[in-house]
Every structure is written in C-alpha cells, then in structure tokens.
Amino acid sequence: MSGTEILAGLERAGTLSSFADAKARIAEPPEPAALSSLLGWVEGYLMASHADLGRTGAVCPFTRQAAKLDTVRLGISDAGPADEAAAFSLIRSSFQALEAIPAKPAMAHFRTVIIGFPACSGADGIAMLKRVQDRHKFHSLSRNRMIGLMHADSDAPGLWNPGFRPLRAPLPVLAIRHMVEHDAPFAARHPLLLLPYLARFPLSGAKRLLAHVRAGA
C-alpha cells in the first residue's frame with residue numbers, strides 16, 4: 001500500500017487529522033478530550049514562547065512553520081501498555097503517511113505527524129512507547145527522519161537551558177518529522193544521530209555543529 005493510500009485511510013478513520021479537521025471535530029459534541037488536549041498543547045506550548053526556554057521564539061519553531069503550511073497531522077491512539085504491536089504498527093504506518101502529506105517540494109521537510117496516547121500515561125505505558133521509539137531508531141535514521149517521545153514526566157533537559165524540560169506534554173506523544181539542517185544541537189547531543197546528520201548535511205551541517213560547539217565552549 002502506498003503512503004498516499006495509508007494517509008487517506010488514516011484520515012478517513014479519524015486516526016490522523018489536519019489542524020482544521022481537528023478543530024472541527026473538537027467543536028462538535030461530544031468533544032474528543034484527548035484530541036482537544038493534544039491540539040491545545042501543540043498550539044499553546046510547542047508553537048508558543050516560554051520564559052524558561054533560554055532563547056527567543058517558539059518552543060518548537062519547526063512545528064509553528066509546519067502548522068502554517070498545513071503539513072502537520074495530529075492523531076490519537078487508544079493503544080494501552082499491553083498494545084505494543086498496535087502502537088508499533090500505527091507508528092510504522094505513520095512514517096509512510098508522513099511522506100504523503102501534501103506539500104510543495106521545497107517545503108516537504110516540514111511534514112510532521114504527532115500522535116497522542118492517552119491510555120499510556122502510567123509507567124508501563126511510557127515504557128511501551130519508549131520501546132516502540134527504540135524499535136524505530138534505525139528505520140528513522142536510515143530515512144533521515146526523527147522520532148521523539150514526550151510525556152508529563154520527561155526529564156530530558158533543554159538545549160539552551162538545562163533546567164528546562166521541553167519534552168513534557170499533558171499526554172504521552174510520539175512525533176515523527178524530517179531531519180533538518182537546524183538539528184545540529186540534537187546531533188551533537190546524540191551519537192546515533194551524528195553520522196546520519198553529517199551524511200545528510202555534510203558541509204552546512206559540519207559548520208552548524210562547529211558553531212554549536214563553539215557557542216557552548
């Protein structure tokens with residue numbers, strides 16, 4: 001099945017929605033609480049500034065631009081801690097759907113899929129999602145893609161303020177996006193990402209890495 005067919009199927013089933021479709025669904029009773037929470041977090045947190053961020057601008061400038069281009073798809077999964085196979089299958093399908101999100105060629109790197117897992121808020125659920133993330137690391141990096149896990153108790157430190165916890169979310173989230181040149185700080189922090197990043201951006205990436213290292217010296 002092609003990525004276009006997978007995306008269309010997920011959208012028809014209501015598993016993935018554009019911003020506009022998500023807002024329309026939330027406006028109709030009964031309000032889907034998990035989708036409302038996810039959308040509120042994306043718009044009110046990821047796309048907004050934060051006093052503790054350590055720099056100016058949005059917490060995730062990438063998401064703000066992607067939202068403007070309508071290249072974000074939001075989703076909610078009812079998978080729980082015992083449903084690893086179902087969660088894995090959804091994320092694997094989402095990698096294919098990612099490539100089919102309509103976008104101009106020059107803006108294709110802004111494609112993003114963000115899926116919330118409200119039934120996985122406990123320790124067992126987070127552990128299961130972490131396994132799903134880990135099982136996709138090679139699949140992701142070999143395709144120059146990124147997969148991130150966010151949840152309420154995330155202790156991952158901020159890049160510009162180590163005391164800030166940028167990956168905290170009101171419900172567990174797995175997000176998929178393209179690797180971009182501005183990911184140099186992440187590449188510097190994560191050894192597994194460094195080689196794929198430099199292979200994707202050999203000259204400009206090396207310059208950004210050097211600048212990042214010098215800025216932190």
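The values are calculated or read from the model by the stated rules, or taken from the named source; none is laboratory data. Just so we're clear, the structure is a prediction, and the values are computed from it rather than from any experiment. Here the Cβ is made from the backbone with ideal geometry for all residues, glycine too, and neighbour counts use every protein chain on show.
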Kindly provide the set of residues from the range 150-165 that are assigned to a loop (DSSP other than H, G, I, E, B) and either of a type in the set (D, E, K, R) or over 19 Å from ARG55 (Cα atoms) (or both), ordered by number.
HIS151, ALA152, ASP153, SER154, ASP155, ARG165
May I ask you to list the residues in the range 166-178 that are assigned to a loop (DSSP other than H, G, I, E, B) and in contact with a helix residue (DSSP H, G or I) (Cβ under 6 Å, 6 or more places away or on another chain)?
ALA169, PRO170, LEU171, PRO172
Restricted to the range 125-139 and to residues being modelled with pLDDT of 95 or more and either under 13 Å from ALA175 (Cα atoms) or among the acidic types (Asp, Glu) (or both), the residue surrounded by the most Cβ atoms within 10 Å (Cβ to Cβ) is LEU129
hydroxyl-bearing (Ser, Thr, Tyr) and either in contact with a strand residue (DSSP E or B) (Cβ under 8 Å, 6 or more places away or on another chain) or part of a helix (DSSP H, G or I) (or both): is that true of SER140 in this structure?
yes
Test set (1) surrounded by fewer than 19 Cβ atoms within 10 Å (Cβ to Cβ); (2) outside the structural domain of ASP78 (by TED's automatic domain parsing) - GLY205 fails condition number
(1)
Candidate set: the range 1-23, residues that are in a loop (DSSP other than H, G, I, E, B) and surrounded by fewer than 15 Cβ atoms within 10 Å (Cβ to Cβ); chosen: the one modelled with the lowest pLDDT:
MET1
Looking at the range 66-85, can you tell me whether even one residue there is modelled with pLDDT of 95 or more and on the phi > 0 side of the Ramachandran plot?
yes
With the range 24-124 as the region, which helices (runs of 4 or more DSSP H) entirely inside it contain at least 1 residues that are in contact with a His (Cβ under 8 Å, 6 or more places away or on another chain) and surrounded by 15 or more Cβ atoms within 10 Å (Cβ to Cβ)?
61-69, 84-98
Condition check: over 14 Å from the mean Cα position of the chain (by Cα) and either part of a helix (DSSP H, G or I) or not hydrophobic (A, V, I, L, M, F, W, C) (or both). Does LEU194 satisfy that?
yes
Which one is nearest to HIS178 (Cα to Cα) among residues in the range 47-73 that are in contact with a Pro (Cβ under 9 Å, 6 or more places away or on another chain) and among the hydrophobic types (A, V, I, L, M, F, W, C)?
CYS60
Name the residue, out of MET107, MET146, that is over 15 Å from the mean Cα position of the chain (by Cα), over 21 Å from SER36 (Cα atoms), of a type outside the set (Ser, Thr, Tyr) and not assigned by TED's automatic domain parsing to the domain that holds ARG200.
MET107
